[in-house]
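Here the structure comes first, spelled out in structure tokens, and everything after it is commentary.
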Amino acid sequence: MKPSAPPPGMRDLRQCLPNVCYCIAYATPDNFAGRPFDGYGAPGAWLRAAAADALCRAVDRLAQDGLSVVIFDAYRPARATAHMWRWAQEVGRVDLFDDGWIARPSRHNRGLAVDLSLVDATTGAWLDMGSPFDAFVPESHVRGVTGAALQRRLVLRAALLAEGFRPLESEWWHFEHPDPTAEILD
């Protein structure tokens, strides 16, 4: 699939971060539901301008330590979150919403959240973070692991915090950029 143009007010991350890895999970069956979600007709990665600029600066910080990122999700159309809710009802997993693993609505729907992980900038190898992206288990909490995986999570977290992102404690991969005026988009 060829990425399409970003929605109005969004910046295409592939333009400002052409050398990072993109694995837009919800555009493929490689996600917790095993199928693409509505609204992901193209595997794009978009954020609002201020969030995109902050992410670019965070990636530059990580590059100083020989690191880069893989981006799993950024802007998420509202219809994708609605599709996730329908899926959760169909398979009896509304606990994912009730327990806060999936928000309704989500900061992703506003173009202010990004899900990402670390990779080795030289080899492109994905680094072990102690649990996969979108693993709805206690080990996904920022401090749900120890050792090298925890240290990597804290490095990722520090780079994004330095650029104004806020982490989600239950998901080491999820970061939100503040903008109280951003509307939900679809």
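Could you give the length gained by full extension between Leu150 and Gln64, i.e. 0.36 nm per residue of separation minus their alpha carbon distance, to one decimal place?
My answer for the length gained is 29.0 nm.
List the GluC sites (Glu not before Pro) within the stretch 89-186 that fall in a DSSP loop (any state other than H, G, I, E or B) and whose Cβ has at most 15 other Cβ atoms within 10 Å.
Values: sites: Glu90, Glu139, Glu163, Glu169, Glu171, Glu176, Glu183; in loops: Glu163, Glu169, Glu183.
Here the sparse-neighbourhood loop sites are Glu169, Glu183.
Could you state the per residue volume, in Å³, of the convex hull enclosing the Cα atoms of the stretch 59-130? Write out the running numbers ahead of the final one.
Details: hull volume 8.3 nm³, N = 72.
Hull volume over Cα atoms, normalised by residue count, gives 115 Å³.
Take the solvent-accessible surface of the protein heavy atoms, probe 1.4 Å, and return the percent of it on the chain that carbon and sulfur atoms account for.
That share works out to 52 percent.
Show that you can apply the helix-only estimate: for the chain, add -39,500 (n - 2.57) for every DSSP H stretch of four or more residues, divide by all residues, and state [θ] at 222 nm to the nearest 500.
Working: 5 runs with 51 residues, N = 186.
So the calculated ellipticity at 222 nm is -8000 deg cm²/dmol.
Could you tell me what % of all Cα pairs in the stretch 1-54 have separations over 18 Å?
Value for the stretch 1-54: 34 percent of Cα pairs lie more than 18 Å apart.
Just want the answer: with Cβ charges of +1 for Lys and Arg and -1 for Asp and Glu, which residue in Ala82, Leu47, Gln15 is farthest toward the dipole's positive end in the chain?
Gln15
Once you keep just the Cα pairs under 8 angstrom separated by 6 or more residues, what percentage relative contact order results for the chain? The partial results should precede the final answer.
Numbers: 324 pairs, mean separation 40.5, N = 186.
Relative CO of the chain lands at 22 percent.
If you filter the stretch 86-183 for trypsin sites (Lys or Arg not before Pro), then keep DSSP loop positions with at most 16 other Cβ within 10 Å, what is left?
Those that pass, being in a loop and sparsely packed, are Arg143.
Which Cα, out of Ala113, Val155, Pro180, lies furthest along the positive dipole direction of the stretch 84-186 (beta carbon charges, K/R +1, D/E -1)?
Val155
log10 I(q)/I(0), Debye, Cα-only the stretch 1-98, no solvent, q = 0.11, 0.18, 0.23 Å⁻¹?
Evaluating at q = 0.11, 0.18, 0.23 Å⁻¹ gives log10 I(q)/I(0) of -0.38, -0.88, -1.16.
Which ³J(HN,Hα) values, rounded to whole Hz and listed in residue order, are derived for the stretch 67-82 from phi using the Karplus coefficients 6.51, -1.76 and 1.60 in 6.51 cos²θ - 1.76 cosθ + 1.60 with θ = phi - 60°, glycine and proline given as x?
Couplings: 10, 9, 9, 10, 9, 9, 7, 9, 4, 10, x, 4, 5, 5, 5, 4 Hz.
Could you grab the relative contact order for the stretch 110-159? Cα pairs under 8 Å, six or more apart, rounded to a whole percent.
Across the stretch 110-159, relative contact order equals 28 percent.
Give, to the nearest whole percent, the P(r) tail of the chain beyond 19 angstrom, counting all Cα pairs. Kindly include the intermediate steps, with their values, before the conclusion.
Working: 9581 of 17205 pairs.
Here the tail beyond 19 Å accounts for 56 percent of pairs.
Tell me, what HN-Hα J-couplings in whole Hz come from the Karplus equation 6.51 cos²θ - 1.76 cosθ + 1.60 at θ = phi - 60° for each residue of the stretch 99-112, using x for Gly and Pro?
Per-residue couplings from phi come out as 8, x, 5, 10, 9, 9, x, 10, 5, 4, 5, 9, x, 10 Hz.
In debye, nearest 20: dipole of the chain around its Cα centre with unit charges on the Cβ of K, R (+) and D, E (-)?
Numbers: 19 positive and 23 negative charges, 60 e Å.
Dipole magnitude for the chain comes out near 280 debye.
Any idea what the relative contact order of the stretch 1-104 is, in percent, if you count C-alpha pairs under 8 Å spaced at least 6 apart? Display every interim value, and only then the final one.
Values: 117 pairs, mean separation 30.3, N = 104.
Averaging sequence separation for qualifying contacts and normalising by length gives 29 percent for the stretch 1-104.
Using the Kirkwood formula over every pair of different C-alpha atoms, what hydrodynamic radius in Å results for the stretch 91-182?
It works out to 14.1 Å.
The values are calculated or read from the model by the stated rules, or taken from the named source; none is laboratory data. As the structure is a prediction and not an experimental result, all values here were calculated from the model. Glycine gets a Cβ as well: all are built from the backbone with ideal geometry, and neighbour counts include every protein chain shown. Heads up: the accessible areas ignore ligands, DNA and RNA and are worked out on the full protein's heavy atoms, side chains in. Shrake-Rupley method; radii C 1.70, N 1.55, O 1.52, S 1.80 Å.
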